[in-house]
Structure formats: C-alpha cells, structure tokens
Amino acid sequence: MSDDVSTAERRVPFAASLRSKHRLRPAELLPLVAVAIVPLLGSGYYPLATQIAITVIFGLSLDLLVGYAGIVTLGHGIFFGVGAYASGIASVHGWGDPVSGLFIGAAAAAVVGVVQGFVVLRTARFTLLMLTLCSVFLVSEVANKAGWLTGGADGLTGVMTGPLLGVWTFDLDGRTGYLFSATVFVLVWIGLRGLVHAPFGQSIMAIRDNPGRAEAIGMAVRPRLLIVYTVSAAIAGTAGALQAEIDQFAGLKNVGFEISATILVMLALGGTGRLYGAMAGPAVYLIAQDLLAKINPAMWQLWLGLLIVATVLFVPGGLSSLADVFRGRGKR
Amino acid sequence: MVTLVEIAFQSLAYASVLYLVSVGLSVTLGLMGFVNLAHGIFAMAGGYVVATAISAAGAPWWVMVIAAPVVVALGAAVLERLLYSRLYGRGELDQVLFSIGLIFVAGAVVRLTFGPLPQQLRLPEALLQSLEVGPFSFFLYKLVVVAAGLAVAIGIHLGIERTRLGAMVRAAVENRGMAESIGLDTSRLFTATFALGGALGAVGGILGADVFSLGPTYAFEILVYVQTVVAVAGLGTLRGSFLASLLIATLQTVSAYYLPAFGTIILFSAVFLLLLARPRGLFGRIS
Amino acid sequence: MTEPVLELSNLHMSFGGLVVTNDVSLSLAIGARHALIGPNGAGKTTLVDQITGRLRPLRGTIRLAGVDVTRLPQHRRTRLGLARNFQVTNLFSSFSAFENIALAVAEREGRGLSLTSMRGFPSDVADQAEDIARRMHLAEVGHRRVSDLAYGQQRLVELAIALALRPKVMILDEPAAGLPAGDHAMILDALDRLPIHVAVLLIEHDMPLVFRFAREITVLAEGMVIARGAPEAIRGDERVRTAYLGTRS
C-alpha cells in the first residue's frame, strides 16, 4: 500500500502533463516577433512581408487538412481562388470595405467547401486526391469561361479596396496592407491554435490516426471531417480575399492547380501537423524565391525540386522538425 | 458520316497516345501503390531524346522510336532503384511531394539545357501524307500512332496472360503478400515493371509530340490527363487503361468538335461524377 | 427476468451464395458474461461486425437497450452503449495511452467538438481517463505513446477505451489474441474487474479463458447456433465436440 502511494507521488498526473504538452512555447511567439520587426526594416519590405503573411494564412488552412485531419488534397487553391473572386467581385460592385470583404471571401469559400467536401470526403486516398485534382481543374476552367463574372483570362479589373475601417487607406508603400494582413494572420493563428489544442482538434487527429477506431468510440467521422474541411476552406478563402484586396485584382493565378501544388510544397517544406511548420515553410520559400528566382528562374526551380526531393527522403518532418533535432528531442 | 469517321479516328489516335503515356503508371501504381505524379517525365524524356537526336545528329526517326525508350527505361530503372524504392510504404503526401519535386527538377534541367521554348520533333517525310480510302482520308502518321497503341495494348495483354513475367506481375498486383510468400523477388519485379512503364511512357511522349508539345512544363501539363486515365481505369487493372484512354479521348475529341468552349468542363465533370459513382474506377479492384 | 440489453433476433447474412449467419438469435441480460465460441470460419467475426454496425444483416433485428439499431451506423450504436475492442490492436498511434482513453471519455460525454479547453482535454476528462487507466494497471505507462507500449499493455489500452465509453454492452473480440499464454492472466484479471452490470460478449479461441470467464456459452458453427448453455453443459456436449473435430480433420 505504501509502495503504491510513493509511485503515485512520483508520477506526474495526466492533467498536469497535458498542461505542459499544450502550453504556449516561447518559440511559438517567434512569428509574432517577426511580424513586429518588419515595420522597423523600412517600407521596402512591406510587399514581401505582406505576401508572406497571406501565404502563411493559406498554409495554415491547408495544414489543418493535411497535417491534422490527414486529408491530402491537390485542390486547395479552389478556396483561395473563390475567396479572392468573391471579395473582388463584391468590390467591383461597389462593396470595397476590406474587413467585410474578408468575410465575404470566407463565406463563399465555406459554401464551396461544404458542398465539395460533402462529395469528395466520401472517398479516401488516391480517389480523394484525384477528385480534388479534377475539382481544381474544373473550377479554374469555370472561372476562365465565366468571363462576365470573373473577367476570364484577363482577370477581374476594377477592384477598389476602400479604406480600412473607413480610416486608413491602402497607401502605395504598403504599410496599411501589411498591418492588415499581419493582424489577420495573428487572429487566424490564435484561432487555429485554439482549435487544434481543443478536444475538437484532438479528435480530428484521432481520425487521422485511425478512422475506424474513431467511429468505434462514437465519432461521426465524416461529418466531423466535413466541419474541418469547411473551416479550412473558409480560412483559405480569407487568405484569398486578402490577396485580392491587397492586389486590387483577382485572376486565374489565384485559383487552379499551380497554386494548389505550390502551397502543398511550401507546407511540406515547413512540416505538416504543427502550425509553425505552416509558417516557416511559406516564409522560407517566398524569401528564397525572392532572392533566387530574380537571378535565374530555372536554377531556382532546380534547387527547389532538389530541396523537395531531399526533404522527403531525409527530413520527412520538414524544416520545423529540424528544430526538434537541435533541441535534442529527436522524433518525440 | 465522314465527320463521324474522322472523330472516331482522331479519338483512336489520341487514345493511343494517352494509353501509352499512362499505362506504365497504371502498373506501378497498382503494383507498388505509389502515387507517382511524375510519370510524365518519362514521356518528356523520350520526346526530348528523339527531338535532339534528329535535329543534332540527323538520326532516323524510325530508329529513335525504338532506341529512345530503351534509354529512358534504363534511366527509369536507375531512378527506381536509387529514389522511388526508398519511398514505398510512405504516406501519399510524401509520394506526391517527392514526385512534384522530381517534376521541378526535370523541368529545370530541360529548361537549362534546351531553353524555355517547345522543341520541334521532326517527323519523317514519308509519314506526312494522307491515305485516301473512298471518301475518307487518314493521316498516315496518325495511323502509325494507332497501330503502335494497339500493338502495345495487345502485346501487354498477351504478355500478361502468356508469359512468366506477366504471371508474376499479375500475381504481385493482385496480392503482393501472397506473391512474396511464394518466393517472388518483388523488388526486382518492381524495377523491371517500372522501367517498362517508363519505356512505354517514352513511346507515348515521342508519338504524341504533336498533341502534347515538348516544353519544360510538359510533365505538369500532361499530369492531370495521365492521372485521370489511371483513376478512371482503376488501380490494379492492366486491361482497363486502354478503355479508359479511349473513353477520355472520345469525350475530348467529340466535345472539341461540337462544344469546343466547354471541352475541359465536360471532361472533368464527367471524370468527377464517374469517380464518385465508382471510387475504384471502371475496372479497379483496389481503392 | 429483466429485459435483455442486447438482443439479436433471427439474424441472417450471406456473401454471394455463402450463408455466413444463419438465423442467429442471442440475448444478453444486464451483467451477462457470455462467450461466443466456434471453430474457424464459424461466422463469429461476421456476427460481431453485424452487431457493431460494420455489416448490415440481410434479415433480422438487433436491439440495444430496447432500441432497434439494425440500421444505425456504428457511431450511433456506440453512443447508445455498445463498446467493442478489436482483434488486432487498433489504437490512435500518435497519442499516449492516457490520451487514447481521454478521447473515448470526451466522445462519450459528447464533448468531442468542444473548443472550450486548450489543453487537449478538460481536466475532468483527464482525471476520468487517468482513473480508468489506473484500474487497468496502466497508470505507470500512461504517458507513453501507445505505439511504444508492450503488446500486452496495448491490449489493456483497448479494454480501457471500451471501459471509458461506460457501455451497457461490451463486445470483446479475442482480447488475448496474439499474447503468449503467460500474459493471459493479466487479461483475465482485467476482465474480472469489469463493472458487474455491463453485459459482456466474449469471442475467444482460448478455452481455459472462456471457461474461467463465461457463465453462459453459445457455440456457433457454419453460421448457426449449435449449442447454448452453462460451461459445464457445453464441455460435455457431443455436437460441440464434433463441430470442433470436424473442422480439424
């Protein structure tokens, strides 16, 4: 009996270990530090930093699907594009308010997400991959052909983004645009961090691990995945809407296979299933692209390709898993 | 009537190209469960080897149609041994990424070597004429393409049914564990079929150079068509690929004749609906 | 006699022309300790799949605590009080043993969609999970990832997950499968400590385990119930002996 008591005392209670597992780590605040540093660098960095913030939001939305729910998709660009077009079209028709524009983009993407998700989530693995691939070609072709609505191949012109909260205009040096994008990024990050550390997020990861078992402990697996899919679509739509507002343009490059494949590559380079991977990947990718692609696009493509191949072969966890190695935690 | 025959002929020729570039993937995906989005690089390699050999060394087209696939097959075998084989059994995300990376590398190499513009693959003069049969006119080159497609389809069919290698492939596709337990060397089998798939892809890339033009983005542009054929045919089937190619080619050719503006939309809607109704494809056994 | 908590009436199932479940009826009262035995290919696993909802019978009904669940999906049956383990260990591999149990607790409480806690699980869920783990002698290894546990401990986690669902009926499909005979005592010990009001249906090949655990036994052969009764009666039953010997020859 006394033996039992002493072992119980030595052992950390489960609730306490959960607290330490899910606590906010100092390293998680690094992106926030980076966000705060950008304005100190001078206005020349605003465009790149804004693009990183937008892409990171998009990457976070994809990580929710790929990393947490285990749904590999080649068609996530659909939601980015729908968000961009929706807020762009609203703006062309006179609704240029940037904040509500984001909600318009998110809502449009969520609607498309719930419909498409309802259909494609009935399948898994290769078939699911193929259905997302078909969807993305379908949607971008529809955007191409519906010229009266989307401007077709020329893109949507005449997008006018109004002043933020009716006060700050989107100036030429990109300061307002940056601060707006950075704020949205921080909010999305806080929201997603809450979600994945909540019981809901844990249950999504459980489905990723073992859908059959999840069903057997009473989860309605497909509806739950559909919720995640829709949330992810809405966030991707927010990112797209933000892109359209900053660019004052929406076009075929915002939707389609290329952007879908690129964001998947960025995410995987950073590492899936850990939100900071979705931040590191796009940031490193876009900075490297900014430095290298200007000099020689083909060389950039070569190095990028080699980097992807090497990452998959040697660092399957992506860049962010290297941080674990440095901290000596190995794969744990 | 003339138009119908024309459509049927065009469909058949296009189907032959689709079949050749994708049948290898059908086998490797079914056999190893590897989602290889980069299968198109073999077709691209075949096309570039031939185009270069003809324009730089004046090699005869007929010889290169045979020689280039052999070269590509060797390259594919090396690639399989060195890289692909390390990723069998990994999740589809890793496989998808790896093959996207490979497409980037192949595209960049091509662009650095041959420049960004598409390459011309010069065809022999003898084939650039039409064969008149009554009111119908057939482009001789397309007849060769159809003949090659059919020959490969029949060859694979017979090879799978009649030869020892075929029996081994069939056994391994249908039940890998069983095949291994009766002592098949599946890893060598994988390399061999991968190389064969690469060679067939190369033939498709060469014969289809007029349909899918040879540029640095070739592998990305052809990707969705190759994957679509495989998905429609279904995994773990070796005979479904030709019918799937024919189906997709006919759909695209017919819509190109009558509804050219909506060809892409019709194609992908149809494939989407088909995969929903039959997630395993038309003839697939594995989902 | 109280109303049975699990009641199978005239279940019938076939694949192609092969009848795998032939007019099977079975009922479990509260607190039942019932074993389902039979030679390989008798249709035990198919029957389990019909009870849990992975397969739908062609004819017949399944009632769980008075509710007809024949057409309900698996997760609804779980919520109505049916828990199962899996023959082959089948856990959430990236989570610890505690977390595996906590996932089940959270689902049972209908808090699987909750966003209120940001620590994985609310502390009351965590405490319950830890409590169940302790009862299954898993407290010491609860922090370890389930994939790092010994096989026998993984089998215990399976049981703990089923327990966490606070089921009315537990279907235990070969809980000792794959374990060396020496470890059977551990499983048997865990089975002995299941709450007494839970009705347990045990599917097992290991006869010593069956005879120690069960108070009633149903014997299935070729999809049909060929005998039912107390363990002593089954032990001496001639038909049972022929059914077993028949498949061995």
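Would you confirm whether or not segment B:53-72 contains a residue that is crowded, with 19+ Cβ neighbours inside 10 Å and closer than 19 Å to residue B:187 by Cβ? Scanning segment B:53-72 turns up no residue that is crowded, with 19+ Cβ neighbours inside 10 Å and closer than 19 Å to residue B:187 by Cβ.
For segment B:119-164, a residue qualifies if it is assigned to a strand (DSSP E or B), surrounded by 11 or more Cβ atoms within 10 Å (Cβ to Cβ) and among the hydrophobic types (A, V, I, L, M, F, W, C), and the qualifying residues are B:131, B:136, B:138, B:139.
Whether a residue is more than 30 Å from residue A:14 (Cα to Cα) and modelled with pLDDT under 85 was assessed, and residue C:17 passes this test.
Scanning segment A:146-154 finds one or more residues that are more than 30 Å from residue B:222 (Cβ to Cβ), within 14 Å of chain B (Cβ to nearest Cβ) and modelled with pLDDT under 85. Report yes if some residue within segment C:104-114 is more than 7 Å from every other protein chain (Cβ to nearest Cβ), more than 19 Å from residue A:21 (Cβ to Cβ) and not acidic (Asp, Glu); otherwise report no. The answer is yes; a qualifying residue exists.
Scanning segment A:198-211 for residues that are within 24 Å of residue C:84 (Cβ to Cβ) and more than 7 Å from chain C (Cβ to nearest Cβ) returns A:204, A:207, A:208, A:211.
Inside segment A:136-177, residues that are outside any helix (DSSP H, G or I), free of Cβ contacts under 8 Å to residues at least 60 places away in the same chain and either polar (S, T, N, Q) or under 15 Å from residue B:261 (Cβ atoms) (or both) make up a count of 2.
In segment C:183-198, the residues that are more than 14 Å from residue C:158 (Cα to Cα) and outside the structural domain of residue C:159 (by TED's automatic domain parsing) reach residues that are in a helix (DSSP H, G or I) and of a type outside the set (A, V, I, L, M) with C-beta atoms within less than 6 angstrom, at least six apart or across chains, in these pairs: C:183/C:152. Does segment C:111-122 contain at least one residue that is surrounded by fewer than 24 Cβ atoms within 10 Å (Cβ to Cβ), at pLDDT 85 or above and out of contact with any strand residue (DSSP E or B) (no Cβ under 8 Å at 6 or more places or on another chain)? Yes, because at least one residue in segment C:111-122 is surrounded by fewer than 24 Cβ atoms within 10 Å (Cβ to Cβ), at pLDDT 85 or above and out of contact with any strand residue (DSSP E or B) (no Cβ under 8 Å at 6 or more places or on another chain). If I filter segment A:225-232 for residues that are surrounded by fewer than 20 Cβ atoms within 10 Å (Cβ to Cβ), within 9 Å of chain C (Cβ to nearest Cβ), out of contact with any strand residue (DSSP E or B) (no Cβ under 6 Å at 6 or more places or on another chain) and assigned to a helix (DSSP H, G or I), do I get at least one hit? Yes.
With respect to the conditions (1) within 9 Å of chain A (Cβ to nearest Cβ); (2) free of Cβ contacts under 8 Å to residues at least 40 places away in the same chain; (3) not in a loop (DSSP other than H, G, I, E, B), residue C:117 lacks only one, and its number is (3).
Screening the candidates C:41, C:66, C:60 for the property of being over 16 Å from residue C:171 (Cβ atoms), out of contact with any Gly (no Cβ under 6 Å at 6 or more places or on another chain) and without any contact (Cβ under 8 Å) to a residue 60 or more places away in the chain yields one hit, C:60. The residues listed here are B:71, B:78; of these, the one that is away from chain A (no Cβ under 11 Å), among the aliphatic types (A, V, I, L, M) and in contact (Cβ under 8 Å) with a residue 12 or more places away in the chain is B:71. Residue A:18 meets each of the listed conditions (1) away from chain C (no Cβ under 14 Å); (2) crowded, with 21+ Cβ neighbours inside 10 Å; (3) out of contact with any Ser or Thr (no Cβ under 6 Å at 6 or more places or on another chain) apart from (1).
Please count how many residues of segment B:108-118 are assigned to a loop (DSSP other than H, G, I, E, B) and in contact (Cβ under 8 Å) with a residue 24 or more places away in the chain. Within segment B:108-118, residues that are assigned to a loop (DSSP other than H, G, I, E, B) and in contact (Cβ under 8 Å) with a residue 24 or more places away in the chain number 3. I'd like to verify a number: residues in segment B:270-287 that are surrounded by 18 or more Cβ atoms within 10 Å (Cβ to Cβ) and among the basic types (Lys, Arg), how many? Adding up the residues that qualify gives 1. Would you confirm whether any residue within segment B:248-269 is more than 10 Å from chain A (Cβ to nearest Cβ), closer than 21 Å to residue A:129 by Cα and buried (at least 21 other Cβ atoms within 10 Å of the Cβ)? Yes, some residue in segment B:248-269 is more than 10 Å from chain A (Cβ to nearest Cβ), closer than 21 Å to residue A:129 by Cα and buried (at least 21 other Cβ atoms within 10 Å of the Cβ). Is segment B:94-104 home to any residue that is within 14 Å of another protein chain (Cβ to nearest Cβ) and either within 18 Å of residue B:213 (Cβ to Cβ) or surrounded by fewer than 23 Cβ atoms within 10 Å (Cβ to Cβ) (or both)? Looking for residues that are within 14 Å of another protein chain (Cβ to nearest Cβ) and either within 18 Å of residue B:213 (Cβ to Cβ) or surrounded by fewer than 23 Cβ atoms within 10 Å (Cβ to Cβ) (or both), one finds at least one in segment B:94-104, hence yes.
Just so you know, in segment A:91-103 the residues that are surrounded by fewer than 21 Cβ atoms within 10 Å (Cβ to Cβ) and aliphatic (A, V, I, L, M) include one that is modelled with the lowest pLDDT, and it is A:92. Name the residues in segment B:200-243 that are surrounded by 24 or more Cβ atoms within 10 Å (Cβ to Cβ), part of a loop (DSSP other than H, G, I, E, B) and either away from chain A (no Cβ under 13 Å) or in contact (Cβ under 8 Å) with a residue 60 or more places away in the chain (or both), would you? Within segment B:200-243, B:208, B:209, B:216 meet the criteria. State whether the residues of segment A:305-325 include one that is away from chain B (no Cβ under 11 Å), touching a Pro at 6+ places or on another chain (Cβ under 6 Å) and in contact (Cβ under 8 Å) with a residue 24 or more places away in the chain. No. The residue that is farthest from the other protein chains (Cβ to nearest Cβ), among those in segment A:161-197 that are more than 19 Å from the chain's Cα centre (by Cα) and of a type in the set (S, T, N, Q), is A:169.
The values are calculated or read from the model by the stated rules, or taken from the named source; none is laboratory data. Small disclaimer: the values here were computed from a predicted structure and weren't measured. Cβ: placed from backbone, ideal geometry, glycine included. Neighbour counts: every protein chain shown.
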